[in-house]
Amino acid sequence: MLIQPILDKAVIEGFDFSAARSKLPQKLTQARADGSSPKSLETLAKTQPLVIDDWLRNPVAESQTPDLLEILEERYGRASTILSAQIPMTDWSDRLGNPILSDAVMDGLIHNAYRLELEEESMRKRPSPLTHSGHKEIL
């Protein structure tokens with residue numbers, strides 16, 4: 001996970017941050033259902049920095065897009081948001097559920113953003129030095 005060194009550095013630097021996994025949209029839906037949505041949205045809007053790992057690994061439902069937009073609009077220009085994604089940025093709009101709001105979400109993410117795109121093959125695709133039994137092969 002590429003994001004882990006960034007999180008470690010943030011802790012060393014004294015940041016009080018929240019790391020959200022790819023289940024953030026589902027957690028927002030649950031917060032809306034149990035009535036804690038306003039507090040959850042406010043907390044996520046103020047968290048510095050907000051780190052979202054595996055951004056859009058799962059497509060976002062149309063009903064979840066407004067919450068994401070609200071969080072990002074509140075953060076825009078005031079708080080840092082760090083995303084890690086394996087999904088190409090060109091596919092993000094299609095995975096945001098609501099086609100009208102997805103443009104606003106993308107605008108909020110892309111403008112004033114720093115982008116680091118890795119070009120190497122995934123470490124998961126490289127052969128493991130371990131054998132099928134879980135032990136290193138002895139030659």
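Among the residues making up segment 82-139, those that are part of a loop (DSSP other than H, G, I, E, B), touching a Ser or Thr at 6+ places or on another chain (Cβ under 7 Å) and modelled with pLDDT of 85 or more are Leu96, Gly97, Asn98. If the condition is being surrounded by fewer than 19 Cβ atoms within 10 Å (Cβ to Cβ) and of a type in the set (A, V, I, L, M, F, W, C), then segment 48-68 contributes only Ala61. When segment 21-48 is limited to residues that are over 12 Å from the mean Cα position of the chain (by Cα) and part of a loop (DSSP other than H, G, I, E, B), the one that is farthest from Pro5 (Cα to Cα) turns out to be Gly35. When the residues of segment 69-94 are narrowed to those that are of a type in the set (Val, Ile, Thr) and within 20 Å of Asp8 (Cα to Cα), which ends up surrounded by the most Cβ atoms within 10 Å (Cβ to Cβ)? So, considering only residues that are of a type in the set (Val, Ile, Thr) and within 20 Å of Asp8 (Cα to Cα), the one surrounded by the most Cβ atoms within 10 Å (Cβ to Cβ) is Thr81. Pairing each residue of segment 93-114 that is more than 16 Å from Leu83 (Cβ to Cβ) with any residue that is among the β-branched types (Val, Ile, Thr), provided the two are 6+ apart or on different chains, yields C-beta distances under 6 Å for Gly97/Val60; Gly97/Thr65; Asn98/Thr65; Leu101/Thr65. Among the residues making up segment 30-47, those that are surrounded by 15 or more Cβ atoms within 10 Å (Cβ to Cβ) and of a type in the set (S, T, N, Q) are Ser37, Ser40, Thr47. Set side by side, the residues Lys39, Lys23, Lys9, Lys27 differ, and just one is over 18 Å from Leu109 (Cβ atoms) and touching a Ser or Thr at 6+ places or on another chain (Cβ under 9 Å), which is Lys27.
The values are calculated or read from the model by the stated rules, or taken from the named source; none is laboratory data. Computed from a prediction, not measured in an experiment: that's the story for all the values here. We place every Cβ from the backbone using ideal geometry, glycine too, and count neighbours over all the protein chains shown.
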